[in-house]
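Asker: For reference, the structure I am asking about is given below.
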Amino acid sequence: MNKFFTKKLSIALFIFIPIIFLCHPNWFGFFGIQPYWPLFWLLPWAMLNGSIHGLIYGLFLGLILDSITLNSNFTQIPGLVLCGFWFGRIKENSDFWVGHFRYGLICSFASFLCGTLYFLQIVLKNFSDSNFYFFFPSIQNILAEVFLTGFFAPLICSQLFRLFKFSK
Amino acid sequence: MLDIRRISTNRWWHKKNNWALLGIFLFLVFVRISKGSIYKDIYFYISKPFWPGEFQKEILLKSKDQESLIELNILKRDNKRLREILYLQESSKNDIISAAVISRKTGSWWRQIILNKGSKDGAEIGNVVLGPGGLLGIINNTSLLTSSVTLLTSTESKVGVWVDRVQMNGLLVGLGDDYPRLILYTKDADIKVGDFVSSSPASTLLPPNIPIGIVQSVDDSFNAEKTAKILLLAKPHVIDWVQILKVKI
């Protein structure tokens, strides 16, 4: 049982992502905004398993997260698929500090990419209305998310990377 | 030399009693100048229980309350009758389900709450969710045990509202931040900061006159529309219990 759990640790943590996405723990938040949780799992997973796995699991994550959010007109899939593919091409850095810093930087950029793609969908959907520019102030959502994701990534991603490597 | 010392110890300011008398004198001067306001204020509290008009005031207020209650019931009946004639939405106290918030996403793009009452308990898509303060959102999805609510701040939320002071209908659009925008489709609308916004009486989706928010700022618009930033009365990020209002669509 223990061996099974160790081997399937990454999958167990995959299931945990939508739960934490719904839990929305306030102590991690900043003005009510949370880090973009799926990236913390996707980055170490794709780094160990390659671009194709990253792309596929990015799609899976997108599907699950879309199903638990109510915004039926917008999707998180494109951002996560692109990030999954990109993360698969990144290799582990041997230097402790540089490696940690890279996790933060990569996750920040990925969060910016996902947030921007989502925001563009909202703007495009409302483009026909004359008031589509109303949505511009909500860019602050992207910025807060980028900051938080980059802030927590070095800690969470490095630990997950070690766990996944150990269980592989 | 000795004489001088004896005289100086006998000066009036060397006696404590004299200082006390001076203090009392100054206090009385102050009372005189203030025209006895301290005395009057103390007397106000002492005599309060014995005021002759107090009991009468209570009777009057009670009568006024009863009058208002009767008037309210008449107006409610009238309103119901008129809404029936116009085939508009209505709701009754019997159609309320209390529910707890079990998940809350009030930041970022996804603005939703999940409640612990689902289709098993009678919650349906389109039901209105109220919290302390007023309208929170509309149920967008139900499972057997839970229901998901799209908050008014969500980018997917668009509801018809009523600005009572200017007697005008408008559209409340969620933008993905904490302040939805009110759009009034006329440039001449005289909305001001502090105007009260409630659900539109003409709405076919929402029950009428549910408090929603107040105008926080009015935008300078060059379009043919007038827009304003709305501060919501119900705060979804702190509310733990809500009420689901069953709306007959």
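The values are calculated or read from the model by the stated rules, or taken from the named source; none is laboratory data. Only a predicted model underlies this, so the values are computations on that prediction, with no experimental measurement involved. Neighbour counts are summed over all protein chains in view; Cβ atoms, including those assigned to glycine, are modelled from backbone coordinates with ideal geometry.
Asker: Can you find a residue in segment B:146-169 that is at pLDDT below 90, in contact with a helix residue (DSSP H, G or I) (Cβ under 6 Å, 6 or more places away or on another chain), assigned by TED's automatic domain parsing to the domain that holds B:Ile210 and buried (at least 21 other Cβ atoms within 10 Å of the Cβ)?
Answerer: Yes, segment B:146-169 has at least one match.
Asker: Has segment B:116-129 got at least one residue that is within 15 Å of B:Pro236 (Cβ to Cβ), at pLDDT 85 or above and assigned by TED's automatic domain parsing to the domain that holds B:Pro180?
Answerer: Residues of segment B:116-129 that are within 15 Å of B:Pro236 (Cβ to Cβ), as a first pass: B:128-129.
Add one more test, that the residue is at pLDDT 85 or above, and what stays is B:128-129.
Now narrow it down to the ones that are assigned by TED's automatic domain parsing to the domain that holds B:Pro180: B:128-129.
Within segment B:116-129, one or more residues are within 15 Å of B:Pro236 (Cβ to Cβ), at pLDDT 85 or above and assigned by TED's automatic domain parsing to the domain that holds B:Pro180.
Asker: Identify the residue in segment B:99-140 that is surrounded by fewer than 21 Cβ atoms within 10 Å (Cβ to Cβ) and small (Gly, Ala, Ser) and, among all such residues, is nearest to B:Leu172 (Cα to Cα).
Answerer: B:Gly134
Asker: Here is a follow-up. Against the condition charged (D, E, K, R) and part of a helix (DSSP H, G or I), how does B:Glu124 come out, does it pass? If you could, list the steps in order and put the result at the bottom.
Answerer: Working: charged (D, E, K, R): yes; part of a helix (DSSP H, G or I): no.
Against the criterion (charged (D, E, K, R) and part of a helix (DSSP H, G or I)), B:Glu124 does not qualify.
Asker: On to the next question. I'd like to know if segment B:114-132 contains one or more residues that are in contact with a helix residue (DSSP H, G or I) (Cβ under 6 Å, 6 or more places away or on another chain) and touching a residue at least 12 places away in the same chain (Cβ under 8 Å). Quick ask: steps written out before the conclusion?
Answerer: As a first pass, look at segment B:114-132 and keep what is in contact with a helix residue (DSSP H, G or I) (Cβ under 6 Å, 6 or more places away or on another chain): none.
No, the conditions are met nowhere in segment B:114-132.
Asker: Here's a follow-up. Of everything in segment A:23-48, what is within 8 Å of another protein chain (Cβ to nearest Cβ) and surrounded by fewer than 18 Cβ atoms within 10 Å (Cβ to Cβ)? Give them in sequence order.
Answerer: A:Cys23, A:Gly29, A:Phe31
Asker: Which number in (1) of a type in the set (Ser, Thr, Tyr); (2) surrounded by fewer than 22 Cβ atoms within 10 Å (Cβ to Cβ); (3) closer than 24 Å to B:Ile125 by Cα marks the one condition that B:Thr186 misses?
Answerer: (3)
Asker: Turning to a different aspect of this structure: Can you list the helices (runs of 4 or more DSSP H) lying wholly within segment A:59-168 that have 1 or more residues being in contact with a strand residue (DSSP E or B) (Cβ under 6 Å, 6 or more places away or on another chain) and within 14 Å of another protein chain (Cβ to nearest Cβ)? Please lay out each step first, then the result.
Answerer: Details: elements: A:77-87, A:96-125, A:139-167.
Once the helices (runs of 4 or more DSSP H) in segment A:59-168 are filtered for at least 1 residues that are in contact with a strand residue (DSSP E or B) (Cβ under 6 Å, 6 or more places away or on another chain) and within 14 Å of another protein chain (Cβ to nearest Cβ), what remains is A:139-167.
Asker: Can you name the residue in segment B:195-247 that is of a type in the set (Phe, Trp, Tyr) and farther than 11 Å from B:Val161 by Cβ and, of all such residues, is farthest from the chain's Cα centre (by Cα)? Spell out how you get there, then give the answer.
Answerer: Filtering segment B:195-247 for residues of a type in the set (Phe, Trp, Tyr) gives B:196, B:222, B:241.
Narrowing the set further to residues that are farther than 11 Å from B:Val161 by Cβ leaves B:222, B:241.
Numbers: B:Phe222: 32, B:Trp241: 18 Å.
Top of the filtered list is B:Phe222.
For every residue, the table says whether it meets (1) of a type in the set (Ser, Thr, Tyr); (2) farther than 19 Å from B:Val101 by Cβ; (3) outside the structural domain of B:Gly131 (by TED's automatic domain parsing).
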position: B:Leu182; (1), (2), (3): no, yes, no
position: B:Thr186; (1), (2), (3): yes, yes, no
position: B:Ile210; (1), (2), (3): no, no, no
position: B:Lys226; (1), (2), (3): no, yes, no
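Asker: Grab the strands (runs of 3 or more DSSP E) fully contained in segment B:167-234, keeping just those with 2 or more residues being away from chain A (no Cβ under 14 Å). Give the steps one after another, and end with the answer.
Answerer: On the way: elements: B:168-173, B:181-184, B:196-199, B:211-218, B:226-232.
Filter on segment B:167-234 gives B:168-173, B:196-199, B:211-218.
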